[in-house]
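Only one structure is covered here, and it is reproduced in the block below.
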Amino acid sequence: MQNIWEKISNQLYKSYGLHADEIIRMTTGVGGDTFLVQASEGKYIYKIADVNTMNHPETEPEICDFLRKQDVPVSIFIKNKEDKWVTDCEDNRVSHVQEFVEGKTFAMNMAPEWFMKEAPVLLGKVHNKLQEYKELPAGIGEGFFMYMTPENAKVSYQRSYENAKQVGEEDILSELEYRLKVVSKFAGKKFDLDKLTFRNTHGDYTVNQIICGEDKIHAVIDWTCACKHPVIWEITRSFFLASPACANGFSEEKFRDYVEGYLSVAPLTRYDKDNLLQLYLYQLAVCDYYAQYLEAEEYKKEEYLSQARFATNVLRTML
């Protein structure tokens, strides 16, 4: 049976005319698998991505092509021999190829001061430019608030607690007990969606999706989750994932500076500002990442558990 490396090598040659000399697995995330390819023609990133309601890899190359022409630093994708950005794969997946971007990513909560100044300004620029792009699929919107309620979350956490006990996942029981308590604090919480600013956005604008040089952002990568979100969700989430102040706490001053950076290029309404933290905390509280962890295939479990524990730590810090 042909192994994954042979399949990728054959696909690269068949679809792109690339002669792969070396293929190295880079990441195995919740939405796909990424490989570094050293070919005779150059250095590339080959990604095999799932296609689902939260993942839209077929639109990623188009968005990047659009943003690159607007002077937003993003990946450069190459088309296949059929003049298409993506190539169909097995199991409802697609693949695409982009040029390798030299640089580094910072670990979660390890971003330097220059990054914390530049990142929110760039996010504001992304939101401004993507207003000129076609409307992306809905992310956190009416459908999210209809189904992701504190009541439904409580049912989900109780189910996850019982499942965890049954399979011997003792380590997460206390975390689920906390989740059952904390979600009750959001009972009856409502947001006026007409007053929130929604924009096309990256959808996963985090420190590990931004390739950097010594003191400059080189490219924002991985636009497979691009969608239409409340802008404040993307602002606040990106701060919590990047800022050293959030490693074991929270700094109101640092957060204010981050938001001011965004405001230097893009507007927020008074209602947006009043809900910067509340919307993000609500989302963390009602999303049962533990259920995803318990149900995930083995190779994806670590990623889901990391998400679950990060969210729980933020809730413990802020509530």
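When the range 198-228 is examined, which residues are found to be in contact with a Gly (Cβ under 7 Å, 6 or more places away or on another chain) and within 18 Å of residue 67 (Cα to Cα)?
203, 211, 212, 218, 224, 225, 226, 227, 228
Mind checking whether some residue in the range 76-83 is aliphatic (A, V, I, L, M), in a loop (DSSP other than H, G, I, E, B) and modelled with pLDDT under 95?
No, because not a single residue in the range 76-83 is aliphatic (A, V, I, L, M), in a loop (DSSP other than H, G, I, E, B) and modelled with pLDDT under 95.
Name the single residue that is surrounded by the fewest Cβ atoms within 10 Å (Cβ to Cβ) among those in the range 236-264 being in contact with a Phe, Trp or Tyr (Cβ under 6 Å, 6 or more places away or on another chain) and under 18 Å from residue 217 (Cα atoms).
Per the criteria, the residue is 238.
Within the range 278-303, take every residue that is surrounded by fewer than 17 Cβ atoms within 10 Å (Cβ to Cβ) and assigned to a helix (DSSP H, G or I) and give me the one that is modelled with the lowest pLDDT.
Out of the qualifying residues, it is 299.
Which ones in the range 157-188 are touching a residue at least 60 places away in the same chain (Cβ under 8 Å), under 14 Å from residue 289 (Cα atoms) and crowded, with 19+ Cβ neighbours inside 10 Å?
The answer is 157, 160, 164, 172, 175, 176, 179, 183.
Does residue 140 qualify as being closer than 19 Å to residue 308 by Cα, surrounded by 17 or more Cβ atoms within 10 Å (Cβ to Cβ) and within 23 Å of the chain's Cα centre (by Cα)?
yes
Residue 128: in a helix (DSSP H, G or I) and modelled with pLDDT of 95 or more, yes or no?
When the stated conditions are applied, residue 128 passes them.
Residues that are farther than 26 Å from residue 177 by Cα, in contact (Cβ under 8 Å) with a residue 12 or more places away in the chain and either outside the structural domain of residue 127 (by TED's automatic domain parsing) or of a type in the set (Ser, Thr, Tyr) (or both): does the range 275-283 have at least one?
So far as the range 275-283 goes, no, none of its residues is farther than 26 Å from residue 177 by Cα, in contact (Cβ under 8 Å) with a residue 12 or more places away in the chain and either outside the structural domain of residue 127 (by TED's automatic domain parsing) or of a type in the set (Ser, Thr, Tyr) (or both).
Residues in the range 153-205 that are farther than 20 Å from residue 319 by Cα and within 25 Å of the chain's Cα centre (by Cα): how many?
Residues that pass the stated criteria total 16.
I need the full set of residues from the range 58-75 which are assigned to a loop (DSSP other than H, G, I, E, B), of a type outside the set (Gly, Ala, Ser) and surrounded by 15 or more Cβ atoms within 10 Å (Cβ to Cβ), in order please.
58, 59, 72, 73
Go through (1) under 27 Å from residue 130 (Cα atoms); (2) small (Gly, Ala, Ser); (3) assigned to a helix (DSSP H, G or I) and name the single condition residue 266 misses.
Looking at each condition in turn, residue 266 falls short on (3).
Would you pick out the residues in the range 187-242 that are farther than 26 Å from residue 59 by Cα and in a loop (DSSP other than H, G, I, E, B)?
187, 188, 189, 190, 191, 192, 194, 195, 213, 214, 215, 216
Could you check, for the range 92-100, whether at least one of its residues is outside the structural domain of residue 239 (by TED's automatic domain parsing), touching a residue at least 24 places away in the same chain (Cβ under 8 Å) and closer than 29 Å to residue 310 by Cα?
The answer is yes; a qualifying residue exists.
The values are calculated or read from the model by the stated rules, or taken from the named source; none is laboratory data. The shown structure was predicted, so the numbers you read here are calculated from the model rather than taken from an experiment. Glycine gets a Cβ as well: all are built from the backbone with ideal geometry, and neighbour counts include every protein chain shown.
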